[in-house]
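J.: Handing you a structure now.
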Amino acid sequence: MSIGWTELMRRDVAMLIFHSRLASRLFGVGVFLLISGSKTMGQEKDTVLERHPHQDAVASSVRDAFSQRLTNGELFFGGPIHIVFEINIPNSLSLNSIDIGPHTELCTYSAFGDLRAMTVETTYERDPVFRDLGQVVGQRPDLDDDGNQIVTRPLHKEGLSGPSTSKAYIMSEQLRVRPGSNRIAMRFKSASVDTYPDQSNNSIYRLFWLRQAVACPLASDVERIMGIRPLAKGGHEVEARGLMGGAGPAEWRLNIAPEAKGCIPREAFITFAGHDRPTCLVKTFGRLDYGGFVLAERGSVTISPDSPQEYRMDIRLLVVSREGAEEHIRAVEKRLDGAIPDGASVFDLRKR
């Protein structure tokens with residue numbers, strides 16, 4: 001297995017364009033982020049009322065409140081904060097089309113001082129299933145010499161990010177799935193230690209989706225608010241331009257319900273620059289007021305909605321507290337500063 005393929009199996013969907021471009025080169029298929037379904041997201045757009053002069057004051061108030069929310073959100077996740085949350089991923093396919101099985105992740109995120117830590121424990125509903133990826137360009141990197149499909153899926157991850165560090169310890173399960181019978185020909189565990197550029201979020205890779213699911217969006221996502229309009233059914237639509245994590249420029253369309261105190265969006269349609277249909281859909285539910293900042297109790301993030309490549313994450317908050325953050329970070333630091341386990345792979349990704 002090449003290092004590039006190992007990294008692809010191990011990394012998360014936070015780098016969406018990286019995954020889609022790499023997958024298209026490997027498998028000769030269309031970019032995952034393009035939506036091929038006949039149903040367009042534009043058909044679901046709420047009716048926007050015509051503007052009237054008396055609405056300007058209301059729109060200005062919403063703009064001010066929403067702008068303040070963007071800033072407050074960055075401060076909230078900057079800590080000190082300790083969050084335990086669950087991610088349920090009903091899709092059996094990973095973004096590179098390997099069947100790893102539906103799974104649930106129990107995650108802990110902490111921020112204290114200038115350090116941030118993430119721990120992820122993953123459980124799977126079943127073993128992987130052999131999936132024929134069809135005709136590919138060049139050698140099949142997902143098959144071993146006996147034709148068994150190579151499946152790598154993470155079990156445990158601890159990551160730390162700060163001004164002078166970004167490192168993760170990953171324990172994965174390696175499987176070889178026989179074609180036809182779907183029997184497991186081989187199963188073993190492997191460990192790796194990955195080092196990223198300082199302050200990189202790759203080591204705490206679920207933070208991005210947590211932020212989107214319960215607080216979408218934050219100041220680092222939005223560069224400019226383009227417009228605010230009232231909706232016929234109540235609430236407002238906010239249009240903005242900014243970024244989608246590490247995946248590049250994007251346009252945001254956010255629906256803020258009238259009862260959404262704190263200006264938390266109930267829907268967000270995110271479209272990459274150059275695309276004519278949304279690439280990502282976020283929906284939020286419930287509300288939790290913690291320290292003056294309003295979070296959604298749960299949310300869903302759908303990549304490539306209404307397409308054959310649809311990939312959904314359902315995220316639910318379990319604990320939000322200012323206690324426990326420092327202890328969690330110190331425990332992760334101890335793991336990463338300790339001796340590298342025998343047989344573990346070491347990847348220095350700082351120059352890639």
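J.: With a cut-off of 8 Å between alpha carbons and a minimum separation of six or more residues, what is the relative contact order of segment 61-171 in percent?
T.: Numbers: 172 pairs, mean separation 23.1, N = 111.
Computed over segment 61-171, the figure is 21 percent.
J.: Under 5 Å between amide H atoms, partner at least 5 residues away or on a different chain: which partners does Leu295 have, H built in plane at 1.01 Å?
T.: Leu288, Asp289, Tyr290
J.: Out of residues 5 or more away from Glu223 or on other chains, whose amide H comes under 5 Å of its own, with H placed 1.01 Å from N in the peptide plane?
T.: Arg241, Gly242, Leu243
J.: Treat the count of other C-beta atoms within 10 Å as a stand-in for reagent exposure and order Glu326, Glu121 from fewest to most.
T.: Glu121, Glu326
J.: Return a whole-number percent for the relative contact order of segment 160-299, with Cα pairs under 8 Å and 6 or more residues apart as the contact set.
T.: 15 percent
J.: Right, another one. With viscosity set to 1.567 mPa s and temperature to 4 °C, compute the Stokes-Einstein D of segment 257-352, Rh being the Kirkwood radius across alpha carbon pairs; µm²/s, no decimals.
T.: Working: Rh = 17.4 Å.
Calculated translational D: 74 µm²/s.
J.: Continuing with this model, one more query. Let me make sure I get this right: for segment 69-148, a, b and c are the square roots of the gyration tensor eigenvalues over alpha carbons, sorted descending. Under 1.5 in a/c it's rounded, otherwise prolate if a/b > b/c, else oblate. Which is it? Mind dumping the intermediate values first?
T.: Details: a/c = 3.12, a/b = 2.45, b/c = 1.27.
The shape class here is prolate.
Read-outs throughout are calculated quantities, based only on the coordinates presented, and are distinct from any laboratory measurement. Please read these numbers as outputs of a predicted model, since none were measured by experiment. Here the Cβ is made from the backbone with ideal geometry for all residues, glycine too, and neighbour counts use every protein chain on show.
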